[in-house]
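Report on the structure given below.
The values are calculated or read from the model by the stated rules, or taken from the named source; none is laboratory data. Note that the coordinates shown come from a computational prediction; the quantities given were computed from them, not determined experimentally. Quick reminder, even Gly has a Cβ in these numbers, built from the backbone with ideal geometry, and neighbours come from all protein chains shown. Surface areas here come from the heavy atoms of the whole protein model, side chains and all, with no ligands, DNA or RNA. Shrake-Rupley method; radii C 1.70, N 1.55, O 1.52, S 1.80 Å.
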Amino acid sequence: MSILNILSRTKLYWGLIAIFLIGVLGSPISSKGNNIFLSYGNLLDVLRQVSTTGLIATGMTAVIITGGIDLSVGSLMAICTVVCAMLLTVPGVTPAVVLGVPTVAVVALCLGILVTRFVFLNIEKSRAGPQATHAIKLDSVRGLVTPGIIGVILCSLALWFLLPQVGSKFGVLGVLLVAPCVGLLFGALNGFIIVAGRLQPFIVTLAMMVTALGIARLTAGQNNAVLPVYTGSNATADFEMLRSLVFGVIPMPGLFFLGAILIYGAVLRFTPFGRYVYAIGGNEEAARLSGIAAGRVKIATYAMSGLLAGVAAVLYVAQYRQGKPDAGAGLELDAIAAVVIGGTSLMGGRGSLIGTFCGVLIFGLLSNILQLHNINSNLQLVLKGMIIIGTVLVQERNAVDLLFYLRLVFAPLWGGQAHKETTAAKRPSKETPSLNLGGNKK
């Protein structure tokens, strides 16, 4: 393998290293002579700040690999921040309880049924062996009765855990259960409408983005633009653990982000589900003809995207001590940018979560460098946009084509030898014999 091929395959890591070196060499120096960028506190702040975007980008990666897009994740996160903050601070039956508790019951019921059927189907497939030519079917006991019983049991356990908290205020485990389930349900609804209605993901998720924003505002109420959360005062003191340092080393939001990257990355890399995701993104029709349940896989990716948006919402409330109906405004664009910078193709079929991890860090380090140098916030947006375009051109290997096109466009302005060479390249050679396709003789 040539050096150019190695550099091409590892260009993402070189980009991350380059951004890091720029931060180190250009960092301001503290009054004690220390490099501010390299300080442990600053690097921890970077990890803490990118964790929310990173969780959303993790779910977005699988969606984009299938050839889809999810514009609703910011609004889904906003709903979940409102639900989380209201459950933590307001006792009794509130709009958050009305929305959240039944959602958990539905999710637990469906999860019990689907997981049980999945286990029974895989047992039957292992018994039939790889040579089985007929579709695997379950009898009524294993296909309907037993999964239904398991689903009802899980639903009952969830309600048994949540209902006693309605009269007072919810704890940490309660909001960590309710908020992700709310995000999962809305995400699964996205996927179901896309698959059943055969609609473009852009249109469906755009409509969900607007709808979810309205639901978030209705849930919060007209007089509650912000729902403050003060641990130890109007909320349980245990909620503080979600913004603390684990063993004094790594912030809790960063631990959630790294865990999501590792677990979901392993699923995409080593399981049949991951292979199905890449197959659908590469050629969905071929995937269907090969026996892959493309619709179910796509619904699962959108459901996971909503689930991770719900987890990010809980961490947002812990970090900023508030829930807001517009908490995730624009966050979907940051997540998409991080995923694309990480090398995932918007056309589908190509990408990885390790690339998304690097893309999230590049985005976070870049923002940190600009903030350390007190760059105007508007100029920061301009620089970020230019860097995103440049990075995508390099990732898609279109930078050389763009330069060649610019050379053709501006060649007449340059004049001289460059214009002559460009004109000569366009002019047909006199020595080239003409082809007599019509068969007429002269």
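Here are some notes:
- Single residue of 169, 137 found to be basic (Lys, Arg) and in contact (Cβ under 8 Å) with a residue 60 or more places away in the chain: 169
- Single unsatisfied condition, residue 306 versus (1) crowded, with 24+ Cβ neighbours inside 10 Å; (2) more than 21 Å from residue 208 (Cβ to Cβ); (3) in contact with a Phe, Trp or Tyr (Cβ under 7 Å, 6 or more places away or on another chain): (2)
- Here region 64-116 is the region considered, the condition is being β-branched (Val, Ile, Thr) and in contact with a strand residue (DSSP E or B) (Cβ under 6 Å, 6 or more places away or on another chain), and the residue that is most open to solvent (accessible area, probe 1.4 Å) is 89.
- Complete set of residues in region 353-381 that are assigned to a helix (DSSP H, G or I), touching a Gly at 6+ places or on another chain (Cβ under 9 Å) and open to solvent by 80 Å² or more (accessible area, probe 1.4 Å): 354
- Options 220, 212, 158, 188: the member that is within 27 Å of residue 318 (Cα to Cα), open to solvent by less than 30 Å² (accessible area, probe 1.4 Å) and without any contact (Cβ under 8 Å) to a residue 60 or more places away in the chain: 158
- Within region 254-279, residues that are closer than 28 Å to residue 41 by Cβ reach partners that are loosely packed, with under 13 Cβ neighbours inside 10 Å with beta carbons closer than 6 Å, at six or more positions or on different chains, in the pairs 255/246.
- Elements of type helices (runs of 4 or more DSSP H) in region 221-340, at least 3 residues being among the aromatic types (Phe, Trp, Tyr): 252-270, 272-282, 294-320
- Among the conditions (1) open to solvent by 40 Å² or more (accessible area, probe 1.4 Å); (2) under 14 Å from residue 57 (Cα atoms), residue 278 misses just one, which is (2).
- Scope region 27-50; condition open to solvent by less than 40 Å² (accessible area, probe 1.4 Å) and either touching a strand residue (DSSP E or B) at 6+ places or on another chain (Cβ under 6 Å) or of a type in the set (A, V, I, L, M) (or both); matching residues: 27, 44, 46, 47, 50
- Restricting attention to region 236-251, the residues that are open to solvent by less than 40 Å² (accessible area, probe 1.4 Å) and either acidic (Asp, Glu) or at pLDDT 85 or above (or both) total 4.
- Of everything listed in (1) among the hydroxyl-bearing types (Ser, Thr, Tyr); (2) more than 24 Å from residue 280 (Cβ to Cβ); (3) open to solvent by less than 20 Å² (accessible area, probe 1.4 Å), the single unmet condition for residue 53 is (3).
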